[in-house]
Structures are given as structure tokens and as C-alpha cells.
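Peer 1: Got a structure for you, questions after.
Readers should treat all values here as calculations from the given coordinates under stated rules, not as data from a laboratory. Predicted, not measured: the structure shown is a model, and the values here were computed from it. Counting neighbours? That spans all protein chains shown, and the Cβs are built from the backbone with ideal geometry, glycine included.
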Amino acid sequence: MRKYAIAIMLLLTLVVPNTAAAAISFGGPINTIIGCLNMVTYTVLGPPRGGEYLWSPSITDTYSFGPPTRRGQWLLGNAGPSYFCLVTVLPLDVRPGWLIMMMGSSR
Amino acid sequence: MIKDNKRLVFILILAFMAVVLLSAAILIKQMISVTEQESDTFSNVEVMQTRPVTKYNAFVPRESDTPKPQADSLPDWQQTKDTTTQVVVVNNDEPTSPPPTKSMPTTITDEPKEQSILPDYISDLWSWLPTKQPSTSQEQTPTPSKTPLELAIYDYGNEVGNTIKEFTLKAGDQPQLIQNFVDDRESQQTGDALLQLGQQYITLSESLKVAQAPIPLVEPVTKLSEGYKKVGEATIALVGKVSDKDLLDEIYRYNATVDEFAKSYIKFAKIFKLYGIKFNKGEGGDIFMPPSL
């Protein structure tokens, strides 16, 4: 019985399209947050649509409730091409991530 | 025994699901056919309502086409004396002059007030009207909510959005590709991956159909397309920068290029807001919409 149930679940998983694959839209809680030398903020988001995202004060179109500030805060928005966060220059430590184009956040 | 019972229950559940699915399919089929009928009826009415009065005249046959009624063939009611108008000549060898052409109703709400004296195929015009009249709310809805320009902007936004989404899916995890290169700059494999990514950006810039853009989007999409090309070139330029200093200088240039691109992107996205166009989640253009929390 359990085998049948698992088989049906697998079949449904294959049939239902994986919409999370569209990486340009993101949303999830902040697991890691780093302030970069070049004034951008580097965040690593958890699921459902996580990854490395960079918030820029001069570029990102930011809606309520402001920029990323702390771990656990949720971010939601759209991102564009990759961007570099400069963590240190000597030695060179850079963190690439998606540049956030527009986003909103939780309180 | 218990195992057999479980199997029986499972088979029953499967059969029940099959029946439910079958019923749903039949119901959907019926709904589709009803919708099609309604849409046909509705489209007929829309055409009739929007058709100018002059078009109705097209249904009136030319005089040469109109069969001139012979006295013998006149129906009884026409052979009787009319008390208000001239007497109709009866049993005259000369064919009677055709009856005055009745003016066609100007709107579909006009009812024929008297029996038609027109040939049958003209009188039957009334039968051409759809028998199933739409509801009042349907009569008021034919005007689309978007103007043609707004519709063109909406369609183009979806097209551009889909193109960008396709590229994003194809290009894969870009930050990871770049991180791999930064970690191992002398590797042929990581360099090639970046070259390929840069080339994909250039291809994306070419695939944005700038020439088909509606007028308000021509300049923004041109800048967007140029921006993607520059991002591609900047990505390619990272390859071969092995030393920290060279790579850092190239990263500054790369970031400046992406900054410029991002401004173009946001400007492009704001055009939709300016025209009050919204994209639903899942549509191509939803990547130009601000997040809705």
C-alpha cells in the first residue's frame, strides 16, 4: 500500500511543473547577512526561493519594510544579473550574488 | 485476509477516483461547450451592435435583384384595398410597381410594427438575430478594459519577461559560476563557463525584439538590450584576470556596468506602472512588478 502511495507521489512530483526554477523571483528568510565594502548588503536566503542576493542602496527599488537588516527577516522580490560584494580587498574576498532589482521585506 | 481487505479498499479508492475524474471531465466538457455557445452568441450580438446603420443597408437588395411581385402572385392581403394609401392595382396585366422599401430598423431593439412586405429573405433578417440574448451585464462588457496601446504594452512586457525568464533558466546559477571562477581563475573550465554566460547575455540582448516595441517602450527596451550586451561583455572581460589586482579592477568595471544596466531595467519596469499595467503571478511580465507582500 505504502509503495503505491509513494509511486503516486513521485508521479505527481514529475507531472506538476517546478515553478521554483525561475530564479529571477526570490523569497525567503535571511540566513546570512554581510555588509560589504562597496556599500551593498550580501544576504543568503533560505527556502522557498533562496540563494545569494545583494541589496544595493543606490540601485534596488525598495518597498516596505525597508532594506535587509537582520537574520530571520523575510525578503521577497525580483533580481537581475550577478553582482560582486567586496568583503575584503587584501586578500581579495568577493561574494557574487544576484543583484536585487526590487524587493519588499518583513518587519 | 487483512491484506486482501486492504487491497480491496485500495481498489475501491482507485475506482472512486476514476469516477470522480470522469465526472469532472464530462462536466468540464459541458462547460466548455456552453461557453463556446455563449461566446458565439455574444460575438454575433457584438457585431450587430457595433455595425453602423449603413451596413444594414447592405442587406437590402438592389432594385434589379428585387423580384417584382406580379399581380397574380400577390398575396391576398396585398390585393385588398388599403384604406389609408393608394389602391393597389389588382388583376392588371402590367406588373405593379414594387412596394416602397421599408427602412431597416436602426437598432436591434426595434420591433417590426407591421407585417413585412419585403421578400422573405429580407424579412427573415429577424431570424438572423441570435435567439439567446445575453444578459444586461454582458451587453455592457464588450468594451475592453485596456486601450490598444495598453494592450500592446502588456503583450510586449509579457514577451520580454518570458525571454528573460528563459535566459535565466538556461544560464543556471550565475553567482555560483562566478564564484567558481574567482576560486579557480586559471582553470579552463571555469573560464569557459563564464565565457558562455557572457555570450548568453549577448544573445539575450539580440533576442529582445526592439523593433516590435510599442512606442513608449522603444527607448527603455533599447537601453535594456544594450545593457544586457554590456553585461555580457563585462562578464567575458573577467576571464583571464588571474591576479587579485587585475580581477579587482575588472570587478569594479563589471559592477559599474551592472549598475547602469539595473537603472535601465528599473526604468523599463516603471513604464508599466506608469500605464497602470499589472501582470499576474506566473505571467512573463511579473518580473517587472514590485513585490506584493
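Peer 1: Lys and Arg at +1, Asp and Glu at -1: add these up for the other residues within a Cβ distance under 14 Å of B:Gly191 and post the number. Don't skip to the end; give the middle numbers.
Peer 2: Details: positive: B:Arg185, B:Lys241; negative: B:Asp183, B:Asp184, B:Glu186, B:Asp192, B:Asp246, B:Glu250.
After counting each charged neighbour, the total is -4.
Peer 1: Take B:Ser292 and B:Asn158, extend 7 Å from each Cα along the Cα→Cβ direction, and tell me the distance between the two endpoints in nm.
Peer 2: Between B:Ser292 and B:Asn158, the label points sit 1.6 nm apart.
Peer 1: Give the relative contact order (percent, whole number) for segment A:36-107; include only Cα pairs under 8 Å separated by 6+ residues. Numbers along the way, then the final one.
Peer 2: Values: 148 pairs, mean separation 27.6, N = 72.
Computed over segment A:36-107, the figure is 38 percent.
Peer 1: Mind listing the phi-derived Karplus ³J(HN,Hα) values for segment B:148-154, rounded to whole Hz, using 6.51, -1.76 and 1.60 with θ = phi - 60°, and x for any glycine or proline?
Peer 2: These are the phi-based 3J(HN,Hα) values: x, 5, 5, 5, 5, 5, 4 Hz.
Peer 1: Where does segment B:148-288 land on Rg(C-alpha)/(2.2 N^0.38 Å)?
Peer 2: In units of the 2.2 N^0.38 Å rule of thumb, it is 1.15.
Peer 1: Quick one: length gained pulling B:Ser23 to B:Arg253 fully straight, 0.36 nm per residue minus the C-alpha distance?
Peer 2: Answer, rounded to one decimal: 76.6 nm.
Peer 1: At what distance in nm do the modelled label points of A:Phe65 and B:Ala237 sit from each other, each positioned 7 Å from its Cα along Cα→Cβ?
Peer 2: Modelled inter-label distance: 4.1 nm.
Peer 1: Moving to a separate point now. Averaged across A:73-81, how many Cβ atoms of other chains sit within 10 Å of each residue's Cβ atom?
Peer 2: The shielding value for this peptide is 6.
Peer 1: Sticking with this structure for a sec: Just counting partner chain Cβ atoms within 10 Å, what average do the residues of peptide B:230-240 show around their Cβ?
Peer 2: 1
Peer 1: Using a 10 Å cut-off on Cβ to Cβ distances, tally the other chain neighbours for every residue of A:97-103 and report the average as a whole number.
Peer 2: Across A:97-103, the average partner-chain Cβ count within 10 Å equals 5.
Peer 1: Compute the distance in nm between two label points, each set 7 Å from the Cα along the Cα-to-Cβ direction, one at B:Ser145 and one at A:Ser106.
Peer 2: About 3.1 nm separates the two model spin labels.
Peer 1: Filter B:Lys170/B:Lys230; B:Lys146/B:Lys230; B:Lys245/B:Lys267; B:Lys170/B:Lys273 down to the pairs with a C-alpha to C-alpha distance above 26 Å, please.
Peer 2: From the list (B:Lys170/B:Lys230; B:Lys146/B:Lys230; B:Lys245/B:Lys267; B:Lys170/B:Lys273), the Cα-Cα distance tops 26 Å for B:Lys146/B:Lys230; B:Lys245/B:Lys267; B:Lys170/B:Lys273.
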